[in-house]
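**Student:** Here it is, the structure, as C-alpha coordinates.
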Amino acid sequence: MQVTFPAMRGRMGSRDYFATIMSLSEIPRFFKFNDWEQFSPELRAQRVLNGSRVPVVAKYIVDNENSYLFSSITASYSSDTINFTPTSEDQPDIGLIQLDLEEMEFVINDGQHRCAAISQALKENPNLAKDRISVLLFPMENIERMQQMFSDLNRFAQRSSKSLNILYDHRDSLAALTNVVVEKVDVFRGLVDMERVSIPIRSEKLFALSTLYDANKELLGNKIDPAGSSPYEKTCDRAVQYWNALAEIMTDWKKVSEGLVAAAAVRQEKISTHATVLRALGGVGRVLNEQHPDQWREHLQHLSDVDWRKSVGGKVNPQWDGVCISAGSVVANRQARLATLEALCRATKVAQNNIPGKRGRGRPRKSAKED
(Lines give C-alpha, C1' and ligand atoms only; values in the text may rest on other atoms or scores of the structure.)
Protein backbone atom coordinates (compact mmCIF):
# COMPACT_ATOMS: atom_id res chain seq x y z
CA MET A 1 0.00 0.00 0.00
CA GLN A 2 1.47 3.31 -1.11
CA VAL A 3 0.84 6.48 0.92
CA THR A 4 1.98 10.02 0.22
CA PHE A 5 2.66 12.88 2.63
CA PRO A 6 3.81 16.47 2.20
CA ALA A 7 7.26 16.77 3.72
CA MET A 8 10.40 18.81 4.11
CA ARG A 9 13.81 17.25 3.77
CA GLY A 10 16.45 18.34 6.23
CA ARG A 11 19.90 17.40 7.38
CA MET A 12 21.13 17.07 10.94
CA GLY A 13 24.72 16.08 11.56
CA SER A 14 25.56 13.70 8.71
CA ARG A 15 22.04 12.31 8.25
CA ASP A 16 19.07 13.30 6.13
CA TYR A 17 15.61 13.21 7.68
CA PHE A 18 12.06 14.19 6.76
CA ALA A 19 9.60 16.40 8.61
CA THR A 20 6.00 15.61 7.77
CA ILE A 21 2.48 15.92 9.16
CA MET A 22 0.09 13.05 9.80
CA SER A 23 -3.52 13.01 10.88
CA LEU A 24 -4.16 11.50 14.30
CA SER A 25 -6.13 8.69 12.66
CA GLU A 26 -2.96 7.60 10.87
CA ILE A 27 -0.88 7.33 14.04
CA PRO A 28 -2.32 3.94 15.19
CA ARG A 29 -1.99 2.60 11.63
CA PHE A 30 1.66 3.48 11.15
CA PHE A 31 3.18 3.24 14.62
CA LYS A 32 2.90 -0.14 16.29
CA PHE A 33 4.28 -0.59 19.78
CA ASN A 34 7.24 -2.86 20.32
CA ASP A 35 6.92 -5.08 23.34
CA TRP A 36 10.19 -3.86 24.82
CA GLU A 37 9.43 -5.53 28.13
CA GLN A 38 10.42 -8.92 26.74
CA PHE A 39 13.91 -7.62 25.93
CA SER A 40 16.72 -6.86 28.34
CA PRO A 41 17.63 -3.14 28.61
CA GLU A 42 20.75 -3.72 26.48
CA LEU A 43 18.60 -4.88 23.55
CA ARG A 44 15.96 -2.17 23.74
CA ALA A 45 15.79 0.99 21.69
CA GLN A 46 13.21 2.57 24.01
CA ARG A 47 11.97 2.49 27.58
CA VAL A 48 9.12 0.11 28.38
CA LEU A 49 5.72 1.69 27.79
CA ASN A 50 4.26 2.89 31.09
CA GLY A 51 0.62 1.89 30.86
CA SER A 52 -0.45 4.14 33.72
CA ARG A 53 0.67 7.25 31.84
CA VAL A 54 -1.37 6.54 28.72
CA PRO A 55 -4.90 7.19 30.13
CA VAL A 56 -3.65 10.36 31.82
CA VAL A 57 -2.36 11.75 28.51
CA ALA A 58 -5.46 10.52 26.67
CA LYS A 59 -7.69 12.31 29.18
CA TYR A 60 -5.65 15.48 28.64
CA ILE A 61 -6.39 15.27 24.90
CA VAL A 62 -10.11 14.55 25.30
CA ASP A 63 -10.65 17.17 28.03
CA ASN A 64 -8.84 19.84 26.02
CA GLU A 65 -10.03 18.98 22.54
CA ASN A 66 -9.71 22.55 21.31
CA SER A 67 -6.42 23.49 22.95
CA TYR A 68 -4.21 20.44 23.58
CA LEU A 69 -0.63 20.66 22.37
CA PHE A 70 2.06 18.09 21.53
CA SER A 71 5.62 18.26 20.27
CA SER A 72 6.71 16.21 17.25
CA ILE A 73 6.85 12.43 17.25
CA THR A 74 10.28 11.12 16.23
CA ALA A 75 10.58 7.73 14.56
CA SER A 76 13.03 5.65 12.56
CA TYR A 77 11.91 3.97 9.32
CA SER A 78 13.39 0.70 8.10
CA SER A 79 12.85 0.81 4.33
CA ASP A 80 15.15 2.16 1.64
CA THR A 81 12.20 2.64 -0.66
CA ILE A 82 11.06 6.00 0.68
CA ASN A 83 10.73 8.33 -2.30
CA PHE A 84 10.97 12.09 -2.09
CA THR A 85 9.75 14.30 -4.91
CA PRO A 86 10.48 18.06 -4.72
CA THR A 87 7.59 20.31 -5.64
CA SER A 88 9.84 22.59 -7.69
CA GLU A 89 13.44 23.13 -8.69
CA ASP A 90 13.49 26.35 -6.69
CA GLN A 91 12.58 24.51 -3.49
CA PRO A 92 14.38 21.17 -3.70
CA ASP A 93 13.80 20.32 0.00
CA ILE A 94 10.01 20.80 0.00
CA GLY A 95 7.86 18.19 -1.62
CA LEU A 96 6.18 14.80 -1.17
CA ILE A 97 7.36 11.54 0.34
CA GLN A 98 5.92 8.23 -0.75
CA LEU A 99 5.97 5.25 1.60
CA ASP A 100 5.20 1.60 0.97
CA LEU A 101 3.52 0.44 4.16
CA GLU A 102 3.95 -3.22 3.31
CA GLU A 103 7.72 -2.84 3.36
CA MET A 104 7.97 -0.11 5.95
CA GLU A 105 8.62 -0.59 9.65
CA PHE A 106 8.66 2.25 12.16
CA VAL A 107 10.32 2.36 15.58
CA ILE A 108 9.29 5.27 17.78
CA ASN A 109 12.34 7.06 19.17
CA ASP A 110 10.42 9.73 21.05
CA GLY A 111 6.68 9.96 21.67
CA GLN A 112 5.49 6.41 22.30
CA HIS A 113 3.23 7.51 25.17
CA ARG A 114 1.80 10.27 22.97
CA CYS A 115 1.08 7.73 20.23
CA ALA A 116 -0.58 5.30 22.65
CA ALA A 117 -2.64 8.11 24.18
CA ILE A 118 -3.72 9.31 20.75
CA SER A 119 -4.96 5.80 19.94
CA GLN A 120 -6.98 5.71 23.16
CA ALA A 121 -8.31 9.25 22.76
CA LEU A 122 -9.56 8.44 19.25
CA LYS A 123 -11.72 5.65 20.69
CA GLU A 124 -13.30 8.11 23.11
CA ASN A 125 -13.64 10.95 20.61
CA PRO A 126 -13.44 9.95 16.92
CA ASN A 127 -13.72 13.62 15.91
CA LEU A 128 -10.05 14.01 16.85
CA ALA A 129 -9.10 11.95 13.80
CA LYS A 130 -8.95 15.03 11.59
CA ASP A 131 -6.33 16.74 13.76
CA ARG A 132 -2.74 16.55 12.58
CA ILE A 133 0.60 16.17 14.33
CA SER A 134 4.15 16.72 13.11
CA VAL A 135 6.42 13.69 12.70
CA LEU A 136 10.17 13.51 12.17
CA LEU A 137 11.39 10.48 10.22
CA PHE A 138 15.00 9.27 10.35
CA PRO A 139 16.45 6.29 8.46
CA MET A 140 16.84 3.24 10.65
CA GLU A 141 20.44 2.05 11.03
CA ASN A 142 21.00 -0.33 13.94
CA ILE A 143 20.12 -0.81 17.60
CA GLU A 144 23.13 1.20 18.77
CA ARG A 145 22.06 4.19 16.69
CA MET A 146 18.48 4.04 17.96
CA GLN A 147 19.67 3.78 21.55
CA GLN A 148 21.86 6.82 20.95
CA MET A 149 18.91 8.71 19.48
CA PHE A 150 16.83 7.92 22.57
CA SER A 151 19.67 9.07 24.80
CA ASP A 152 20.24 12.26 22.83
CA LEU A 153 16.55 13.15 22.67
CA ASN A 154 16.21 12.80 26.44
CA ARG A 155 19.65 14.00 27.49
CA PHE A 156 18.73 17.64 27.92
CA ALA A 157 15.04 17.22 28.69
CA GLN A 158 14.20 18.86 32.00
CA ARG A 159 10.77 18.99 33.55
CA SER A 160 9.61 22.41 34.57
CA SER A 161 9.13 22.97 38.29
CA LYS A 162 5.75 22.48 39.93
CA SER A 163 5.67 26.19 40.80
CA LEU A 164 6.22 27.22 37.18
CA ASN A 165 3.56 24.77 36.00
CA ILE A 166 1.09 26.30 38.46
CA LEU A 167 1.96 29.81 37.29
CA TYR A 168 1.46 28.95 33.63
CA ASP A 169 -1.48 26.50 33.87
CA HIS A 170 -4.59 28.49 32.99
CA ARG A 171 -6.81 25.39 32.84
CA ASP A 172 -6.38 24.55 36.52
CA SER A 173 -8.88 26.55 38.59
CA LEU A 174 -6.92 25.98 41.80
CA ALA A 175 -3.77 27.27 40.11
CA ALA A 176 -5.66 30.38 38.96
CA LEU A 177 -7.05 30.89 42.45
CA THR A 178 -3.61 30.51 44.03
CA ASN A 179 -2.18 33.16 41.72
CA VAL A 180 -5.01 35.49 42.73
CA VAL A 181 -4.29 34.82 46.41
CA VAL A 182 -0.64 35.76 45.86
CA GLU A 183 -1.70 39.14 44.50
CA LYS A 184 -4.47 39.91 47.00
CA VAL A 185 -2.82 38.85 50.26
CA ASP A 186 -0.26 41.43 51.35
CA VAL A 187 2.14 39.03 53.06
CA PHE A 188 2.31 36.88 49.93
CA ARG A 189 2.77 39.68 47.42
CA GLY A 190 6.44 39.77 46.50
CA LEU A 191 7.35 37.01 48.96
CA VAL A 192 6.31 33.97 46.90
CA ASP A 193 8.86 32.29 44.65
CA MET A 194 6.86 31.74 41.46
CA GLU A 195 9.40 29.44 39.83
CA ARG A 196 11.21 27.27 42.37
CA VAL A 197 9.97 24.52 44.65
CA SER A 198 12.93 24.69 47.00
CA ILE A 199 13.82 28.22 48.07
CA PRO A 200 17.56 29.11 48.00
CA ILE A 201 19.17 29.82 51.36
CA ARG A 202 19.75 33.52 50.70
CA SER A 203 16.48 34.13 48.89
CA GLU A 204 14.30 37.05 49.91
CA LYS A 205 11.19 34.91 49.37
CA LEU A 206 9.26 33.23 52.17
CA PHE A 207 7.13 30.70 50.30
CA ALA A 208 7.13 28.64 47.12
CA LEU A 209 4.09 28.92 44.85
CA SER A 210 3.79 25.12 44.82
CA THR A 211 3.56 25.11 48.62
CA LEU A 212 0.80 27.71 48.64
CA TYR A 213 -1.04 25.72 45.97
CA ASP A 214 -0.96 22.60 48.15
CA ALA A 215 -2.07 24.65 51.15
CA ASN A 216 -5.04 25.97 49.18
CA LYS A 217 -5.91 22.41 48.22
CA GLU A 218 -6.00 21.54 51.93
CA LEU A 219 -8.11 24.63 52.61
CA LEU A 220 -10.60 24.29 49.75
CA GLY A 221 -10.48 20.68 48.58
CA ASN A 222 -9.72 19.30 45.13
CA LYS A 223 -12.83 20.42 43.28
CA ILE A 224 -12.81 24.10 42.39
CA ASP A 225 -15.40 25.61 40.07
CA PRO A 226 -14.16 26.96 36.73
CA ALA A 227 -12.32 30.26 36.93
CA GLY A 228 -14.59 33.20 36.18
CA SER A 229 -17.75 31.54 37.47
CA SER A 230 -19.69 32.98 40.38
CA PRO A 231 -18.93 30.00 42.69
CA TYR A 232 -15.24 30.32 41.84
CA GLU A 233 -15.24 34.00 42.79
CA LYS A 234 -16.83 33.16 46.14
CA THR A 235 -14.27 30.45 46.78
CA CYS A 236 -11.50 32.84 45.83
CA ASP A 237 -12.81 35.47 48.25
CA ARG A 238 -13.00 32.85 50.98
CA ALA A 239 -9.35 31.91 50.45
CA VAL A 240 -8.19 35.53 50.41
CA GLN A 241 -10.12 36.27 53.62
CA TYR A 242 -8.60 33.27 55.35
CA TRP A 243 -4.99 33.99 54.43
CA ASN A 244 -5.39 37.70 55.24
CA ALA A 245 -6.82 36.81 58.66
CA LEU A 246 -4.00 34.35 59.25
CA ALA A 247 -1.41 36.92 58.18
CA GLU A 248 -2.55 39.22 60.98
CA ILE A 249 -1.65 36.47 63.45
CA MET A 250 1.59 35.29 61.86
CA THR A 251 3.75 38.15 63.04
CA ASP A 252 6.93 36.78 61.47
CA TRP A 253 5.31 36.91 58.04
CA LYS A 254 4.24 40.52 58.62
CA LYS A 255 7.70 41.56 59.77
CA VAL A 256 9.25 40.20 56.60
CA SER A 257 6.57 41.85 54.49
CA GLU A 258 7.26 45.18 56.20
CA GLY A 259 11.02 44.80 55.78
CA LEU A 260 11.71 44.49 59.50
CA VAL A 261 13.17 40.98 59.36
CA ALA A 262 15.03 39.08 56.64
CA ALA A 263 13.12 36.25 55.00
CA ALA A 264 16.15 33.97 55.24
CA ALA A 265 16.29 34.44 59.02
CA VAL A 266 12.64 33.46 59.45
CA ARG A 267 13.01 30.40 57.22
CA GLN A 268 16.10 29.36 59.14
CA GLU A 269 14.75 29.86 62.66
CA LYS A 270 11.00 29.22 62.39
CA ILE A 271 8.86 26.46 60.91
CA SER A 272 5.95 28.71 59.98
CA THR A 273 6.96 28.95 56.31
CA HIS A 274 7.69 25.27 55.71
CA ALA A 275 5.46 23.28 53.35
CA THR A 276 4.42 20.87 56.09
CA VAL A 277 3.17 23.70 58.29
CA LEU A 278 1.61 25.78 55.51
CA ARG A 279 -0.38 22.78 54.32
CA ALA A 280 -1.48 22.14 57.91
CA LEU A 281 -2.55 25.78 58.21
CA GLY A 282 -4.67 25.30 55.10
CA GLY A 283 -6.18 22.19 56.69
CA VAL A 284 -6.95 24.12 59.87
CA GLY A 285 -8.88 26.64 57.82
CA ARG A 286 -10.96 23.88 56.29
CA VAL A 287 -11.73 22.31 59.68
CA LEU A 288 -12.63 25.70 61.18
CA ASN A 289 -14.94 26.50 58.29
CA GLU A 290 -16.70 23.15 58.70
CA GLN A 291 -16.99 23.22 62.50
CA HIS A 292 -17.24 26.95 63.22
CA PRO A 293 -18.33 28.75 60.03
CA ASP A 294 -19.31 31.87 61.98
CA GLN A 295 -16.58 31.90 64.64
CA TRP A 296 -13.55 30.67 62.68
CA ARG A 297 -11.72 33.98 63.13
CA GLU A 298 -12.00 33.77 66.91
CA HIS A 299 -10.60 30.24 66.92
CA LEU A 300 -7.83 31.23 64.54
CA GLN A 301 -6.63 33.86 67.01
CA HIS A 302 -5.35 31.08 69.27
CA LEU A 303 -2.52 30.51 66.82
CA SER A 304 -0.92 33.67 68.17
CA ASP A 305 0.10 31.57 71.20
CA VAL A 306 1.96 28.98 69.10
CA ASP A 307 5.75 28.91 69.42
CA TRP A 308 7.00 28.55 65.84
CA ARG A 309 10.68 28.28 66.74
CA LYS A 310 12.53 25.21 65.53
CA SER A 311 14.73 25.06 68.59
CA VAL A 312 14.63 26.28 72.17
CA GLY A 313 17.76 26.47 74.30
CA GLY A 314 19.83 24.63 71.74
CA LYS A 315 17.39 21.72 71.54
CA VAL A 316 14.51 20.92 69.24
CA ASN A 317 11.37 22.78 70.26
CA PRO A 318 9.38 20.13 72.20
CA GLN A 319 6.18 21.46 70.63
CA TRP A 320 7.36 20.14 67.24
CA ASP A 321 9.72 17.32 68.15
CA GLY A 322 8.16 14.10 66.89
CA VAL A 323 5.43 16.09 65.17
CA CYS A 324 7.05 17.62 62.10
CA ILE A 325 10.68 17.66 63.21
CA SER A 326 12.72 14.48 63.27
CA ALA A 327 16.47 14.28 63.92
CA GLY A 328 16.60 18.06 63.82
CA SER A 329 15.00 18.41 60.37
CA VAL A 330 11.51 19.38 59.30
CA VAL A 331 9.96 16.44 57.48
CA ALA A 332 7.30 16.38 54.80
CA ASN A 333 5.75 12.93 54.78
CA ARG A 334 2.01 12.39 55.16
CA GLN A 335 2.35 11.30 58.77
CA ALA A 336 4.14 14.53 59.72
CA ARG A 337 1.59 16.66 57.88
CA LEU A 338 -1.30 14.99 59.69
CA ALA A 339 0.46 15.26 63.06
CA THR A 340 1.06 18.96 62.45
CA LEU A 341 -2.57 19.48 61.49
CA GLU A 342 -3.67 17.76 64.69
CA ALA A 343 -1.32 19.94 66.75
CA LEU A 344 -2.69 23.11 65.19
CA CYS A 345 -6.27 21.95 65.63
CA ARG A 346 -5.55 21.49 69.33
CA ALA A 347 -4.06 24.97 69.41
CA THR A 348 -7.19 26.48 67.83
CA LYS A 349 -9.41 24.48 70.21
CA VAL A 350 -11.42 22.58 67.61
CA ALA A 351 -12.57 18.96 67.63
CA GLN A 352 -10.20 16.57 65.91
CA ASN A 353 -12.52 13.65 65.30
CA ASN A 354 -13.42 14.88 61.80
CA ILE A 355 -9.94 15.75 60.57
CA PRO A 356 -9.64 14.44 56.97
CA GLY A 357 -7.36 11.40 56.75
CA LYS A 358 -6.82 11.11 60.48
CA ARG A 359 -5.37 7.83 61.62
CA GLY A 360 -3.27 6.60 64.47
CA ARG A 361 0.16 8.15 64.30
CA GLY A 362 3.55 7.68 65.78
CA ARG A 363 6.80 9.50 65.38
CA PRO A 364 7.22 10.77 61.82
CA ARG A 365 9.83 9.12 59.69
CA LYS A 366 12.57 11.31 58.32
CA SER A 367 12.18 12.35 54.72
CA ALA A 368 13.66 14.95 52.41
CA LYS A 369 14.50 18.28 54.03
CA GLU A 370 12.46 21.31 53.08
CA ASP A 371 13.43 24.92 52.92
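The values are calculated or read from the model by the stated rules, or taken from the named source; none is laboratory data. Here the structure is a predicted model, which is why all the values come from computation and not from measurement. In this analysis, Cβ positions are derived from the backbone assuming ideal geometry, glycine residues included, and neighbour counts consider all displayed protein chains.
**Student:** Any residue at all in the stretch 241-251 that's more than 22 Å from Val180 (Cβ to Cβ) and surrounded by fewer than 21 Cβ atoms within 10 Å (Cβ to Cβ)?
**Tutor:** Within the stretch 241-251 (the criterion being more than 22 Å from Val180 (Cβ to Cβ) and surrounded by fewer than 21 Cβ atoms within 10 Å (Cβ to Cβ)), the answer is yes, since at least one residue qualifies.
**Student:** Looking at (1) assigned to a loop (DSSP other than H, G, I, E, B); (2) over 14 Å from Ile27 (Cβ atoms), which is the one condition that is false for Val62?
**Tutor:** That leaves (1) as the condition not met.
**Student:** Among the residues of the stretch 167-199, what is the count of those that are touching a residue at least 60 places away in the same chain (Cβ under 8 Å), more than 15 Å from Trp253 (Cα to Cα) and part of a loop (DSSP other than H, G, I, E, B)?
**Tutor:** Final tally of qualifying residues: 3.
**Student:** Can you name the condition, by its number, that Arg145 falls short on among (1) outside the structural domain of His274 (by TED's automatic domain parsing); (2) basic (Lys, Arg); (3) within 22 Å of the chain's Cα centre (by Cα)?
**Tutor:** Of (1) outside the structural domain of His274 (by TED's automatic domain parsing); (2) basic (Lys, Arg); (3) within 22 Å of the chain's Cα centre (by Cα), only one is false for Arg145: (3).
**Student:** Only one residue in Asp100, Asp93 is in contact with a Lys or Arg (Cβ under 9 Å, 6 or more places away or on another chain) and of a type in the set (D, E, K, R). Which one?
**Tutor:** Only one candidate passes the filter, namely Asp93.
**Student:** Scan the stretch 200-215 for residues that are out of contact with any Phe, Trp or Tyr (no Cβ under 8 Å at 6 or more places or on another chain) and outside any helix (DSSP H, G or I) and jot them down.
**Tutor:** Result: Pro200, Ile201, Arg202, Ser203, Glu204, Lys205, Ala208.
**Student:** Every residue in the stretch 135-166 that is among the small types (Gly, Ala, Ser), assigned to a helix (DSSP H, G or I) and surrounded by fewer than 16 Cβ atoms within 10 Å (Cβ to Cβ), please.
**Tutor:** Scanning the stretch 135-166 gives a single hit, Ser151.
**Student:** Here is a further query. From the list Val284, Val316, Val261, which residue is surrounded by 16 or more Cβ atoms within 10 Å (Cβ to Cβ), β-branched (Val, Ile, Thr) and under 22 Å from Asn216 (Cβ atoms)?
**Tutor:** Val284
**Student:** Could I ask something else about it? Tell me yes or no: at least one residue of the stretch 128-145 is in contact with a strand residue (DSSP E or B) (Cβ under 9 Å, 6 or more places away or on another chain) and β-branched (Val, Ile, Thr).
**Tutor:** Taking every residue of the stretch 128-145 in turn, at least one turns out to be in contact with a strand residue (DSSP E or B) (Cβ under 9 Å, 6 or more places away or on another chain) and β-branched (Val, Ile, Thr).
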